[in-house]
Amino acid sequence: MNKIKFEQNKEYDLIALGRAAVDLNANELYTTLEETETFTKYVGGSPANVAIGMARLNKKTGFIGRVADDQFGNYVLQYFENEDIDISNMPVDRSGAKTGLTFTEIKSKTESSILMYRNEAVDLKLCTDDINEDYIKNSKALLISGTALSAEPSRQAALLAAEYAVKNNVKVIFDIDYRPYSWKSEAETGIYYTKVAEKSDIIIGSRSEFNYMEKIIKEEDRTDKEVAEHWFSFNSKLVVIKHGKEGSTAYTLEGESYDVKIFPVEMIKSFGGGDAYASAFIYGLLENWDILDALEFGSASASMLVSAHSCSDAMPTADEIKEFIEEKKKEYGERVVRD
């Protein structure tokens, strides 16, 4: 058995929780941020990108997250509305908190960095009063971004949302989304990541992110399979471990594993692929595809994103991903991704 079963007859396919921010991507490619003169504005933040990706894939999507009472907050809300993402659970914060800003530096096709302005970031002001059990109950899945756990009151809000999801048979998808500058210590990271991971049906992250999450409980020399088996001892049914350009592997509770490589592309940047991967992979699971087909779909979407300047704006439709896969298999052979 290698499929995740979602409870049907729900209004939403996915509700994402966490940060919706603004990315300012450098227009001058392959130079330093000091030398960059112009930027293009996009909606950003990992869970926001995943939500946009799901909406582009024609899945009914909602979002839980605070936005600032400023022009950038308005921009996020307008963008979501244009993408048909439900914003009914995105309260406007009037405390003076600001929209998080990310300036991206694209030094080369394989080397990028980011400069984030997150002081008093509005997404971390999400509180338990913002969490509506009936809203979560109405979704097949809840995606929680790990950055939402990095500070109070957002941390408590995310934990409460996870509790409501488990209570109502809503699949919890944990995107580890480790950002070191968001945390005070490795112990804090491990404690709160573990709390959500233990409640999650699906965990998605790079191997380094799993290592950060597990530093307080295990050594780093375990195999990927051993990492997955640890989380299967709790609630997880599926663990996806990504290895960048080396591809990714999904491990199932039944003891199966599935590997895919990345699709070869001419890269523009080295960030953004993970969010596209997650949205397309989750789409495949919601469509009741075999795990390997869902992985391939995610890998294709990720490759499409790293070959585009933006993250959110470049999220592809299902037809675009399918066409991309067909073209790459014609070019490189049927086994371009699957060994």
field: Residue count, the stretch 232-283 (criterion: more than 24 Å from LYS322 (Cβ to Cβ) and assigned to a loop (DSSP other than H, G, I, E, B))
entry: 12
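How many of the residues in the stretch 157-171 are on the phi > 0 side of the Ramachandran plot and either modelled with pLDDT under 95 or crowded, with 19+ Cβ neighbours inside 10 Å (or both)?
Final tally of qualifying residues: 0.
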task: Specify which of the listed residues (PHE271, PHE281) is buried (at least 24 other Cβ atoms within 10 Å of the Cβ) and either on the phi < 0 side of the Ramachandran plot or in contact with a helix residue (DSSP H, G or I) (Cβ under 7 Å, 6 or more places away or on another chain) (or both).
output: PHE281
- request: Pull up the stretch 1-36, narrow it to residues that are more than 24 Å from SER150 (Cβ to Cβ) and acidic (Asp, Glu), then point me to the one that is surrounded by the fewest Cβ atoms within 10 Å (Cβ to Cβ).
  value: GLU34
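Name the residues in the stretch 127-142 that are open to solvent by less than 10 Å² (accessible area, probe 1.4 Å) and either without any contact (Cβ under 8 Å) to a residue 12 or more places away in the chain or touching a helix residue (DSSP H, G or I) at 6+ places or on another chain (Cβ under 6 Å) (or both), would you?
Of everything in the stretch 127-142, those that are open to solvent by less than 10 Å² (accessible area, probe 1.4 Å) and either without any contact (Cβ under 8 Å) to a residue 12 or more places away in the chain or touching a helix residue (DSSP H, G or I) at 6+ places or on another chain (Cβ under 6 Å) (or both) turn out to be ILE136, LEU142.
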- prompt: Out of all the residues in the stretch 172-200, which are modelled with pLDDT under 90, open to solvent by 70 Å² or more (accessible area, probe 1.4 Å), closer than 17 Å to GLY18 by Cβ and of a type outside the set (Phe, Trp, Tyr)?
  reply: PRO180
- request: Kindly list, by first and then second residue, each pair from a residue in the stretch 180-195 that is touching a residue at least 24 places away in the same chain (Cβ under 8 Å) and under 19 Å from SER236 (Cα atoms) to a residue that is open to solvent by less than 30 Å² (accessible area, probe 1.4 Å) and hydroxyl-bearing (Ser, Thr, Tyr), limited to pairs with Cβ atoms under 8 Å and residues at least 6 apart or on different chains.
  value: TYR192/SER150
message: Tell me whether the stretch 307-327 contains one or more residues that are in contact with a Lys or Arg (Cβ under 7 Å, 6 or more places away or on another chain) and either surrounded by 24 or more Cβ atoms within 10 Å (Cβ to Cβ) or within 16 Å of ALA250 (Cα to Cα) (or both).
response: yes
The stretch 37-79, subset over 23 Å from ALA302 (Cα atoms) and part of a helix (DSSP H, G or I), residue least open to solvent (accessible area, probe 1.4 Å): GLY73
- prompt: Hey, does the stretch 119-126 have a residue that's at pLDDT below 95, surrounded by fewer than 20 Cβ atoms within 10 Å (Cβ to Cβ) and either touching a helix residue (DSSP H, G or I) at 6+ places or on another chain (Cβ under 9 Å) or more than 28 Å from ASP86 (Cβ to Cβ) (or both)?
  reply: yes
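The values are calculated or read from the model by the stated rules, or taken from the named source; none is laboratory data. What you are looking at is a predicted structure, and each value in this text was computed from that prediction instead of being measured. Glycine also receives a Cβ, built like all others from the backbone with ideal geometry; neighbour counts cover every protein chain displayed. Only protein heavy atoms, including side chains, enter the accessible area calculation; ligands, DNA and RNA are left aside. Shrake-Rupley method; radii C 1.70, N 1.55, O 1.52, S 1.80 Å.
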